[in-house]
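Worksheet for the structure shown next.
Each reported figure results from applying straightforward, stated rules to the coordinates on display, with no laboratory input. Only a predicted model underlies this, so the values are computations on that prediction, with no experimental measurement involved. Note that each Cβ is placed from the backbone with ideal geometry, even for glycine, and that neighbours are counted across all protein chains shown.
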Amino acid sequence: MTIMKLGILSDIHANSIALSEVIKDLKSLNIKQMIFLGDLVINGPSPKEVFNQLKKLKPVIWIKGNTDEWFLEINEQWEPKSINEIKFYELFHFSKERLYQQDIEFIKKLPFSESIELNNVKVLCVHGSPRNISEAMTSEVHDYEILQMIEGVEEEVILCGHSHVSTNRVIENKMIFNPGSVGAPMDGEPRASYGILEIRDNGEIQFLIRRIPYDLNENLRIAKLRKFPYLDEYERKLRYATSRID
Ligand SMILES: [Mn+2]
């Protein structure tokens, strides 16, 4: 009997302190393979650090999230048209200034989705839903809507992120797993969240959620030092883990 175990990470959002603790946890469990579901360098104080950390981990799959997509969407001609867009622009620039051009080119080229076979089980990896990078498949979304989002998917397991809240649900023989967010959880619990996907060679599949404490104050100290924009809001979001950071 062989068991494949993979760490499933999503929505790191430039929180290097949280990512470090997650990496330590993966090591302590002797898990060497991991999948990253997108949203790496925007909306947190340490874009360069998380980029280097993730590259070192050599994820077997690394796809893009909606905020990674900003590197393609926001160009010289782009002009913010609302208060929210001004905010996105500032957050985008904070990260862009801290990355090398080659890092940015790497992020731009990341795929929207990837499929992998593990112990004969087909697994699809997306950031939002299989049809839309910014559409979350949360537990609140009704089954019939999920069925529209996953229409045409052949894989039996779908890994997704984006909502910053973990999910584990089965709809018409499809298993849908969301590991929550490493860098900015949104389920009222500030500890970093990631998942472990276990696939046995008899086809048995398990998805476990790990919650990992990290030094939130240290992350905020770095943010303050680097003049991270909208710091008060960022602090509230991290401490209470209640509202959305995209
Ligand atoms: Mn996202």
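Of interest is the spacing of the C-alpha centroids, which for the range 135-199 and the range 3-36 amounts to 17 Å.
Solvent-free Debye calculation, one equal scatterer per alpha-carbon of the chain: log10 I(q)/I(0) at 0.11, 0.13, 0.14, 0.17 Å⁻¹ equals -0.54, -0.76, -0.88, -1.30. When each of the peptides 61-68, 118-125, 1-8 is scored by the mean number of other C-beta atoms lying within 10 Å of its residues, the order from highest to lowest reads 61-68, 118-125, 1-8.
A cut-off of 5 Å between modelled amide H atoms, ignoring neighbours fewer than 5 places along the same chain, links residue 156 with 122. Computed from label points 7 Å out along Cα-Cβ, the spacing between residue 243 and residue 60 is 3.9 nm.
Note on residue 97 and residue 75: the extension gain reaches 6.5 nm, defined as 0.36 nm multiplied by sequence separation minus the Cα-Cα distance.
The phi torsions of the range 53-62, fed into the Karplus equation with coefficients 6.51, -1.76 and 1.60 and a -60° offset, translate into couplings of 4, 5, 4, 5, 6, 6, x, 5, 9, 9 Hz, rounded to whole numbers, with Gly and Pro shown as x. Computed from phi, the 3J(HN,Hα) profile of the range 229-234 under the Karplus parametrisation 6.51, -1.76, 1.60 (θ = phi - 60°) reads x, 6, 4, 4, 5, 4 Hz, with x in place of Gly and Pro. Every helix of 4 or more DSSP H residues in the chain counts as -39500 (n - 2.57), and over all residues that averages to -9000 deg cm²/dmol at 222 nm. Think of the range 3-240 as a dipole: +1 on every Lys or Arg Cβ, -1 on every Asp or Glu Cβ, centred on the Cα centre; then among 101, 157, 83, 101 lies furthest on the positive end. Quote the relative contact order of the chain in percent (integer), defining contacts as alpha-carbon pairs under 8 Å separated by 6+ residues. Dividing the mean separation by the residue count of the chain yields 24 percent. Mark the label point 7 Å from the Cα of residue 33 along Cα→Cβ and return the residues of the range 183-220 whose backbone N is within less than 17 Å of it. Hits in the range 183-220 for residue 33 at 17 Å: 195-208. For the pair residue 191 and residue 52, the difference between a 0.36 nm per residue extended length and the Cα-Cα distance amounts to 47.8 nm.
Dipole check for the range 3-240: with +1 at the C-beta of Lys and Arg, -1 at the C-beta of Asp and Glu, and the Cα centre as origin, the magnitude is about 1040 Debye.
Going down the list 58/237; 56/237; 24/58, which pairs span over 26 Å between their C-alpha atoms? In this structure, 58/237; 56/237 lie more than 26 Å apart at Cα. Amide H to amide H distances under 5 Å link residue 135 with 128, 129, where only residues 5 or more positions off or on other chains count and H is placed in the peptide plane.
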